[in-house]
Amino acid sequence: MLFRSIGLGCLTPDIGAISYGTACTIEVSNPKYHEPEPFLPAYAAAVPNLYNMDVQIYRGFWMLRWFAEEFAKELEAEAKSQDKPAEAILDQWLNDVSVGSDGLILQPYWGPGLARPLAKGAIVGFSNIHTRKHIYRAIIEGIAFALREGLESIEKSQKQKVKSLRISGGGSLSDEICQITADIFGLEISRAQTIESTSLGAAIATFTAVKEFKDVHEAVKSMSKVSDTFKPNATNHRLYDRIYHEVYLKMYSRLKPLNIEINNIFKR
């Protein structure tokens, strides 16, 4: 994480860095110390005089592998015959389901966060129209909702809005996932030239240290590039905005008492 923001060229408080990997994160750099969430400190960045505020969904795109193994096992053979991961085939399902997964809303706490130790995963809104394809899209949307909530916590702490986002990690290879993310955040998202932004950031730091560049900003300008940019669809964003404010943000507080009872029943 120390080098991801460097690799993505996110060195100012108005640019956010998203990583779609096994764990998913939203990260912002700031020259002043701010805590991204209650009980969660910022950490010193690899760049002198910068702090990284980072909110993480611990079971991020791990959930895609979980879904494939539990609900789409037969796709493994198909994926193997096409010499591609099962997630690449599942990615095609996203266009088969409408924006908002026809009212299926997912809270992606398959692993609880530091600020919400009692959180559990939840899916609400099931009806007879829903299929496993809806669940898959709801996972993607739920992770993006959670990261948006994390970004808003960061913005509140630093008292400054983020104007654009850059994205990397395995999930960023999907145009559909990048577009869904742009629509949920309502922000322009640029995909990095490589999913390995952390490795690129380490290389940038190394070249800066050996004086190949006068400073890290010059190195970032030279070495950190974007390949594609996704602009939010205004119609989709309006629908996602309603889901986010009217349903998603209310889920944790309303489910928390039930999660406590689950812990009591199962002695957790």
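Observations on the structure shown:
- Of all residues in the range 218-236 being within 17 Å of P48 (Cα to Cα) and over 25 Å from the mean Cα position of the chain (by Cα), the one that is modelled with the lowest pLDDT: A219
- Annotation note: of G16, G7, the sole residue that is assigned to a helix (DSSP H, G or I) and either on the phi < 0 side of the Ramachandran plot or touching a Phe, Trp or Tyr at 6+ places or on another chain (Cβ under 6 Å) (or both) is G7.
- Comparison of E141, E152 shows that the only residue that is within 22 Å of L239 (Cβ to Cβ) and free of Cβ contacts under 8 Å to residues at least 12 places away in the same chain is E152.
- For the range 32-44, the set of residues classified as out of contact with any Pro (no Cβ under 8 Å at 6 or more places or on another chain) and either more than 28 Å from I177 (Cα to Cα) or open to solvent by 70 Å² or more (accessible area, probe 1.4 Å) (or both) consists of K32, Y33, H34, P38, F39, P41, Y43, A44, listed by residue number.
- Summed over the range 249-268, residues that are surrounded by fewer than 12 Cβ atoms within 10 Å (Cβ to Cβ), over 19 Å from L104 (Cβ atoms) and of a type in the set (K, R) total 2.
- Of all residues in the range 71-103, those satisfying the criterion of being open to solvent by less than 80 Å² (accessible area, probe 1.4 Å) and of a type in the set (A, V, I, L, M, F, W, C) are A72, L75, A77, A79, A86, A88, I89, L90, W93, L94, V97, V99.
- Annotation: A68 fulfils all but one of (1) under 28 Å from I204 (Cβ atoms); (2) crowded, with 18+ Cβ neighbours inside 10 Å; the unmet one is (1).
- Just one of the listed residues (L200, L151, L165) is assigned to a helix (DSSP H, G or I), of a type outside the set (D, E, K, R) and either in contact with a Lys or Arg (Cβ under 7 Å, 6 or more places away or on another chain) or under 16 Å from D54 (Cα atoms) (or both), and it is L151.
- Residue selected from the range 229-248 under the condition open to solvent by less than 60 Å² (accessible area, probe 1.4 Å) and in contact with a helix residue (DSSP H, G or I) (Cβ under 8 Å, 6 or more places away or on another chain), by the criterion farthest from L106 (Cα to Cα): F230
- If the condition is being assigned to a loop (DSSP other than H, G, I, E, B) and either more than 23 Å from C178 (Cα to Cα) or in contact with a strand residue (DSSP E or B) (Cβ under 8 Å, 6 or more places away or on another chain) (or both), then the range 19-31 contributes A23, P31.
- Residues of the range 195-207 include none that is more than 18 Å from the chain's Cα centre (by Cα), among the charged types (D, E, K, R) and modelled with pLDDT under 95.
The values are calculated or read from the model by the stated rules, or taken from the named source; none is laboratory data. No experiment lies behind these values; they were computed from the predicted model shown. Backbone-built Cβ (ideal geometry, glycine too); neighbour counts: all protein chains shown. Side chains included, ligands, DNA and RNA excluded: accessible areas come from the protein's heavy atoms. Shrake-Rupley method; radii C 1.70, N 1.55, O 1.52, S 1.80 Å.
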